[in-house]
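Quick note: the coordinates plus some simple rules give every number you see, no bench work behind them. Small disclaimer: the values here were computed from a predicted structure and weren't measured. Using ideal geometry, Cβ is built from the backbone for each residue, glycine included, and neighbour counts are taken over all protein chains shown.
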There are 2 protein chains.
Amino acid sequence: MTSSFKGPKASRRQFLAGAAAIGAGAATGARAQSPDPLITEVQEWAQGLGEGVDATPYGMPIRFETDVVRRNVPWLTADPISSINFTPIHALDGTITPQGCAFERHHSGAIELSKDDYRLMINGLVDRPLVFTYADLERFPREQHVYFCECAANTGMEWAGAQLNGAQFTHGMIHNMEYTGVPLRTLLNEAGIQTEGKWVYVEGADASSNGRSIPMEKALDDVLVAFKANGEALRKEHGYPVRLVVPGWEGNMWVKWLRRIEVTTQAVESREETSKYTDTLADGTSRKWTWVMDAKSVVTSPSPQSPITHGPGPLVITGLAWSGHGKIKRVDVSIDGGKTWEQARLASEPGDKALSRFYLDINWDGSEMLLQSRAMDETGYVQPTKAQLRDVRGLNSVYHNNCIQTWHVKTNGEAENVEVS
Amino acid sequence: MTSSFKGPKASRRQFLAGAAAIGAGAATGARAQSPDPLITEVQEWAQGLGEGVDATPYGMPIRFETDVVRRNVPWLTADPISSINFTPIHALDGTITPQGCAFERHHSGAIELSKDDYRLMINGLVDRPLVFTYADLERFPREQHVYFCECAANTGMEWAGAQLNGAQFTHGMIHNMEYTGVPLRTLLNEAGIQTEGKWVYVEGADASSNGRSIPMEKALDDVLVAFKANGEALRKEHGYPVRLVVPGWEGNMWVKWLRRIEVTTQAVESREETSKYTDTLADGTSRKWTWVMDAKSVVTSPSPQSPITHGPGPLVITGLAWSGHGKIKRVDVSIDGGKTWEQARLASEPGDKALSRFYLDINWDGSEMLLQSRAMDETGYVQPTKAQLRDVRGLNSVYHNNCIQTWHVKTNGEAENVEVS
């Protein structure tokens, strides 16, 4: 590999040659003494006894991983009660997001609502207005699916330029969990939708209520009234005991502490779908009802918070890709700012409206890289460049920035958020 | 539905009739006053502000869920340092097990080992003995898969009779996580396996070392040297920073704090594969090398720790099924102690050597039930009854009890662990 900017994938032979050197280097090289006492001496942890099984009935990450947490950006929103934090995607691998570090967005803070106090009302244009307790919901047939949930404002600060220096901050308003719940259509059918009912208006039990209108076609399709995520109860900050899951659609519609579903003739045009969560174009008009999250991807490592900590040789480039329109079909990676592309490897069969993990294993020659990823979904849609997106949408938008991200990786392995023309 | 023992699945019409009554009942019946102040009055949580996004950089379950934790059974093993606890499978849904409540088994306690102090040695019959640092491992191409990990002793107390009153205790030595790591074959190929190398002997860095022999065919197949589970670093109790993942094979071989891999000509016949983890038959001879976990299933709800809390009508029966030989093909459920069976619904496409979630939605008539589930895997193998298993294996075994479990569900909804002849 003579130039990393040509982006050839390391051949098997090259890779093996590089990796063998790694092994030998670790044992005898700069990283460790020779002989390495961590190999030749009996260590403390191999002599004493460790912690017993009663130590942590519910475990937390080990103390060495305390930097792998949600983070807020104080200047983004002044008040943490109505704010957002970010998933540490730069430090995660695989596709599942643990609930404990999955991003939060609150409009009036995370409330504490018990199962006993929980009620869900369905009213409006229905034959039988109904109220369900939590125990009632558990009696309906359940489904489960892994879905991503992305805030419409994810990457929103990047419309104006390369601003936030880390994948956690540019792309961390996203999580991917295995949700279990009751299809919304089941509950709507219980109530009996009247012919004029074409929309549902969904509301949370918190002070903000965060009301949103959803067209009936989507409500009867794949929306879940969910009570578990990754097997266990929803965490308080994710809407315990019940949240709405609106697959592929912007996170603001995934109403937490779900309280009421009203069947209506038309959209309510609430605050959250008029002054907020609409996209102002260059001519001052606004796009509304921009529900679906278009195909998008990002390299999570290397990235500003996940620099390369070794010299030239084998390097794993990895990231995430997703589409609100369905499955990811293909991801390409460029190390020369989009001049040439190499098809990345998807780690598993892509899920519908779920995160896919991609890898490109290269033999890094130590040169600078302009690292990008580009997703294509099953509809054939290709993730646009920032320039292409600005040409169509202008610079006034906050939401729905799904453009290609660029990291400038330097020769010392550090990376920065940059724009390429 | 005249008799629940005939096991008919509720028809759609029956289900809807039952469920409509639920909705109405909740609003006007015994559970709530009429009018229900939880509907008609503005509640405290809808007026004040909730918790901000800085509250929990890494979140924990809400305080209402403090019973959904790992539990130990003190009389099973006297010393918690060399003991086991159990996943609360009775309270989970879906398939993913959060790391925080995934069962633990330690032979000398959970040790704390940093990435900096971590070394992995490959020696024995190899061309190039190698030592890898943690950072070295991160440079090899990664894979990820969701796999179950089941202790060979799971359900072991039940050989002698129905002993432990809860799915957590009878079947909770299991978890299911999305593992990310480097294929073991990649590292072995780096070292260069010599022709005489037919086995690997794997060891942990803890005092017990927990050494196990693995035939080369498996080592080169799907074994992972894993460093992430469900996206994040392994927890301390799950082997941080690196554990072995041996898909479909007994959990004891999934060596934590992985320290050394020696290529050998034959099995080492260590303590953990001779006096332990072998199965003594009725005639006093022992089965050894019983690595694969055969197809198995259990109803997780209703079950002794998850009783039915409502009267007759719609009831969700759910549970888990898995096989170390591959994918689950089918699960049947009986409510009459195995006289008649109904095919359950699998919640998603079964994964290879991963937990599958099954559901059977019935219209419970309020009668007693003898609840069972029976798994079939893609090889055609069918989970045996306890009697069938005892006929072949006798009563001396501790490990590899994969028999059909029976819960006696009473008319009041409570359930007990029982045996049926």
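What average number of partner chain Cβ atoms lie no more than 10 Å from the Cβ of the residues making up A:64-70?
That works out to 5 on average.
When the Cα centres of region A:251-279 and region A:376-412 are compared, how far apart do they sit, in Å?
Between the Cα centres of region A:251-279 and region A:376-412 lies a distance of 27 Å.
Among B:Gly172, B:Gly313, B:Gly324, which one shows the highest mean-square fluctuation when chain B is modelled as a Gaussian network with alpha-carbon springs under 10 Å?
B:Gly313
Most fluctuating residue of B:Asp294, B:Asp36, B:Asp352 in a GNM of chain B with Cα springs under 10 Å: which is it?
Per the Cα network of chain B with a 10 Å cutoff, B:Asp36 tops the list.
Which of the GluC sites (Glu not before Pro) found in region B:264-350 are loop residues per DSSP with 12 or fewer other Cβ atoms within 10 Å of their Cβ?
Here the sparse-neighbourhood loop sites are B:Glu269.
In whole Hz and in residue order, list the ³J(HN,Hα) couplings for region A:239-250 that follow from phi through the Karplus curve 6.51 cos²θ - 1.76 cosθ + 1.60, θ = phi - 60°; x for Gly and Pro.
So the J values, rounded to whole Hz, are x, 2, x, 9, 10, 8, 10, 10, x, x, 9, 4.
Work out from phi, with θ = phi - 60° and the Karplus expression 6.51 cos²θ - 1.76 cosθ + 1.60, the ³J(HN,Hα) of each residue of region A:60-70, listed in order in whole Hz, and give x for Gly and Pro.
Rounded to whole hertz, the list is 10, x, 4, 5, 6, 10, 5, 8, 8, 9, 5.
In nm, what does the list of distances from A:Glu269 to its counterparts in the other copies look like, shortest first, when each label sits 7 Å along Cα to Cβ?
The answer, with the shortest distance listed first, is 8.4 nm.
Can you find, among A:Trp289, B:Met60, A:Pro88, the residue sitting farthest towards the positive end of the charge dipole of the protein assembly as shown, where Lys and Arg contribute +1 and Asp and Glu -1 at Cβ?
Of the listed residues, the answer is A:Trp289.
Only four residue types carry charge here, +1 at the Cβ of Lys and Arg and -1 at the Cβ of Asp and Glu. Report the dipole size of chain A about the Cα centre in Debye, rounded to the nearest 20.
Taking the Cα centre of chain A as origin, the dipole is about 660 debye.
From the label point of B:Ser348, set 7 Å along Cα to the beta carbon, how far off in nm is each other copy's matching point, shortest first?
The answer, with the shortest distance listed first, is 0.7 nm.
Compute the helix-to-body angle for A:12-28: its Cα long axis versus the longest principal axis of chain A, expressed 0 to 90° and rounded to tens.
Around 70 degrees separate the two axes.
Over the Cα atoms of chain A, Rg to Rh with Kirkwood Rh, two decimal places?
Taking Rg over the Kirkwood Rh, I get 1.02.
Any idea what the B:Thr40 label distances to the other copies are, label 7 Å down the Cα→Cβ vector, nm, shortest first?
Once sorted, the set of distances for B:Thr40 reads 8.3 nm.
For region B:80-285, build the charge dipole from Cβ charges (+1 Lys, Arg; -1 Asp, Glu) around the Cα centre, then report which of B:Asn154, B:Ile174, B:Leu125 sits farthest towards its positive end.
Sorting the options by dipole projection puts first B:Leu125.
For region B:39-106 and region A:294-314, write down the distance between their C-alpha centroids in whole Å.
Between the Cα centres of region B:39-106 and region A:294-314 lies a distance of 33 Å.
May I ask for log10 I(q)/I(0) of the protein assembly as shown at q = 0.08 Å⁻¹, from a Debye sum over the Cα atoms as equal point scatterers with solvent left out?
Debye output, listed in q order: -0.72.
Considering the alpha-carbon set of region B:296-418 alone, what are its Rg and its Dmax in angstrom?
Considering region B:296-418 through its Cα atoms, Rg and Dmax are 14.5, 43 Å.
Which of these, A:Glu143, A:Glu104, A:Glu237, has the largest mean-square fluctuation under a Gaussian network model of chain A (Cα springs below 10 Å)?
Per the Cα network of chain A with a 10 Å cutoff, A:Glu143 tops the list.
Give the Cα extents of region B:145-219 along the principal axes, in whole Å, largest first.
50, 26, 26
Can you give the charge dipole size of the protein assembly as shown about its Cα centre, rounded to the nearest 20 debye, using +1 on the beta carbon of Lys and Arg and -1 on the beta carbon of Asp and Glu?
Computed charge dipole of the protein assembly as shown: roughly 1120 debye.
Need the list of lysines near B:Lys198 for cross-linking: C-alpha distance under 27 angstrom, and skip anything on the same chain fewer than eight residues off.
Within the straight-line cut-off, B:Lys198 pairs with B:Lys218, B:Lys256, B:Lys276, B:Lys288, B:Lys353.
Let's see if you can work this out: charge +1 on each Lys and Arg Cβ, -1 on each Asp and Glu Cβ, no other charges. What is the dipole magnitude of region B:292-421 about its Cα centre, in debye to the nearest 20?
320
For an R0 of 51 angstrom, estimate the FRET efficiency from the Cβ-Cβ distance between B:Arg287 and A:Leu281 and round to the nearest 0.05.
0.10
Can you tell me the equivalent ellipsoid semi-axes for region B:80-285? Use √(5λ) from the Cα gyration tensor, largest first, whole Å.
Taking √(5λ) for each eigenvalue gives 28, 21, 14 Å, largest first.
Can you list which of the trypsin sites (Lys or Arg not before Pro) found in region A:243-298 are DSSP loop residues with at most 15 other C-beta atoms within 10 Å?
A:Lys276, A:Lys288
Arrange B:Phe169, A:Phe86 by Cβ neighbour counts within 10 Å, fewest through most, would you?
Lowest to highest Cβ neighbour count: B:Phe169, A:Phe86.
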